[in-house]
Amino acid sequence: DAVKSRYEMWGGTQCSLKNSEQSNLYVTNMNICHQQIPDDWPGYRLDLFTYPKHYSGDLDCVYIPHGVIMDRTERLARDIKDDLGDQDIVVLCVLKGGHQFCADLVERIQVLNRNSKRSLLMTVDFIRLKSYLNDQSMPDLQMIGAESLSVLAGKNVLIVEAIVDTGKTLHTLLSHIQTFKPKLIKVASLLVKRVPNQSVCLPDYVGFEIPNLFVVGYALDYNEYFRDLNHICVMSEDGKQKYRL
Ligand code: HPA
Ligand code: MG
């Protein structure tokens, strides 16, 4: 319950679409448990780690090192496998930002499957969403590849995202996926931002909750740059100017 009240403190309500005809579609996970990175977390000094030389001067700090992401992903894989047991799932990777987390998460679930008497059969599908320009969220959301989701009918779907902030994107995506009548929808996101008025929708599995700041790396971009950075980092003002559109 401590977890639950902490969760409510920052305004969250679990993933559910209020006026959905099948409101039991979104099985909520009240045991949600994730690392909350505090507002005053300074990150790590850049010279403690390695990163591509082409980004020197463009970053302020390493916010979440790659190794920590991988360790957390290993645990999320276990939680997902424990919850979904030996059911079949369709993993729906939200591109582009989600590709790295999705690949690493799926790999960790596969390792568990190889070492377990019960294994869950996975297939992977993709959808592409785009809503950001520079470091700002834009009002209209582009959805690409959303027509071919009829494979989701009657299936257990695990949506895999890199980041959820207002939850608006996730809400739109859930409404859309619901039209294909899956049996169950679960959502895993590596990051969730603590933003004001976040009430629409939150994931079932969260790697880290972070303050409301713009991060890049581990496939998260700023105008398509920084996807080729393995750590999650905070950009410098110089970096923002350099790649601004
Ligand atoms: N970084 C990159 N892409 C994003 C972010 C972010 O902080 N939030 C939403 N999309
Ligand atoms: Mg982006």
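The values are calculated or read from the model by the stated rules, or taken from the named source; none is laboratory data. Worth saying up front: this structure is predicted, and the values here are computed from it rather than measured. Please note: Cβ atoms are built from the backbone with ideal geometry, for glycine as well, and neighbour counts cover all protein chains shown. Side chains included, ligands, DNA and RNA excluded: accessible areas come from the protein's heavy atoms. Shrake-Rupley method; radii C 1.70, N 1.55, O 1.52, S 1.80 Å.
Could you check the stretch 196-232 and list, in sequence order, the residues that are more than 16 Å from the chain's Cα centre (by Cα) and within 16 Å of ligand 2 (Cβ to nearest atom)?
Tyr222, Asn223, Glu224, Tyr225, Phe226, Asp228, Leu229
Scan the stretch 162-181 residue by residue and report those that are of a type in the set (S, T, N, Q) and either touching a Leu at 6+ places or on another chain (Cβ under 9 Å) or more than 11 Å from ligand 1 (Cβ to nearest atom) (or both). It would help to see each step written out before you state the result.
Of the residues in the stretch 162-181, the ones of a type in the set (S, T, N, Q) are 166, 169, 172, 175, 178-179.
Across the stretch 162-181, the qualifying residues are Thr169, Thr172, Ser175, Gln178, Thr179.
Conditions tested, residue by residue: (1) within 16 Å of ligand 1 (Cβ to nearest atom); (2) closer than 22 Å to Asp82 by Cβ; (3) not charged (D, E, K, R).
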site	(1), (2), (3)
Ser148	no, no, yes
Lys183	no, yes, no
Leu190	yes, yes, yes
Arg194	yes, no, no
Ile210	yes, no, yes
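Okay, residues lined up against (1) out of contact with any Pro (no Cβ under 7 Å at 6 or more places or on another chain); (2) part of a helix (DSSP H, G or I); (3) at pLDDT 95 or above; (4) of a type in the set (Gly, Ala, Ser):
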{"residue": "Val68", "(1), (2), (3), (4)": "yes, yes, yes, no"}
{"residue": "Arg75", "(1), (2), (3), (4)": "yes, yes, yes, no"}
{"residue": "Asp82", "(1), (2), (3), (4)": "yes, yes, no, no"}
{"residue": "Gln87", "(1), (2), (3), (4)": "yes, no, no, no"}
{"residue": "Val91", "(1), (2), (3), (4)": "yes, no, yes, no"}
{"residue": "Gln100", "(1), (2), (3), (4)": "yes, yes, yes, no"}
{"residue": "Gln110", "(1), (2), (3), (4)": "yes, yes, yes, no"}
{"residue": "Arg118", "(1), (2), (3), (4)": "yes, no, no, no"}
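Mind checking which residues of the stretch 126-181 are open to solvent by less than 70 Å² (accessible area, probe 1.4 Å), of a type outside the set (D, E, K, R) and assigned to a loop (DSSP other than H, G, I, E, B)?
Within the stretch 126-181, Asn134, Gly145, Ala146, Ser148, Ala153, Gly154, Thr166, Gly167, Phe180 meet the criteria.
Matching residues to (1) in contact with a Gly (Cβ under 8 Å, 6 or more places away or on another chain); (2) surrounded by fewer than 12 Cβ atoms within 10 Å (Cβ to Cβ):
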position	(1), (2)
Arg45	no, yes
Tyr55	yes, no
Gly67	no, yes
Leu84	no, no
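Within the stretch 220-230, how many residues are open to solvent by less than 50 Å² (accessible area, probe 1.4 Å) and more than 9 Å from ligand 1 (Cβ to nearest atom)? Write out each step before concluding.
First pass over the stretch 220-230, keeping only residues open to solvent by less than 50 Å² (accessible area, probe 1.4 Å): 220-223, 226, 229.
From the residues that got through so far, the ones that are more than 9 Å from ligand 1 (Cβ to nearest atom) too are 223, 229.
Total satisfying the criteria: 2.
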